[in-house]
Amino acid sequence: MSRFFLPSMALMMICFIGPTLCRQQDEEEKGFWMRSAVHVVNNLPDPMRVRCQSKDDDLGLQTLQPRQDLTWRFVPNVFIDNTLFYCHFYWGSKDKFFDVYNHDMGSHCSILHSKDKSCYWSVRSDGF
């Protein structure tokens with residue numbers, strides 16, 4: 001085995017176990033460890049309730065007033081590509097449940113207006 005192979009494997013294992021150890025402290029860094037953000041905006045005429053969560057994190061049941069934005073940030077798992085957030089939306093007698101972030105959706109998110117790779121969801125009376 002080459003001398004390069006073993007140190008590289010050790011570094012990869014450290015990054016896999018604790019990716020924040022390998023991430024630079026600069027929050028505006030763009031690249032391999034770039035943070036993602038999900039924005040859910042209530043564009044309904046009335047308040048709505050939403051509960052968003054992942055396997056590890058539950059953001060709880062939130063009430064969003066009209067034009068209010070619920071935002072959270074995270075670093076996606078780049079090794080397994082299994083980061084998933086889903087939300088259950090409630091508006092009057094209507095409700096809807098779906099994924100708001102997964103690996104495939106992440107490729108459609110934008111970095112134009114934010115330091116994060118941002119995914120926007122607009123909740124409207126005619127759909128999302």
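Since every read-out is calculated from the coordinates, none of them should be taken as a lab result. All figures in this text were calculated on a predicted structure; none of them were measured in a lab.
Mean projected area of the convex hull spanned by the Cα atoms of region 60-126, taken over all viewing directions: 5.7 nm². In a fully extended conformation the segment linking D126 and Q53 would gain 23.9 nm over its present Cα-Cα distance, using 0.36 nm per residue.
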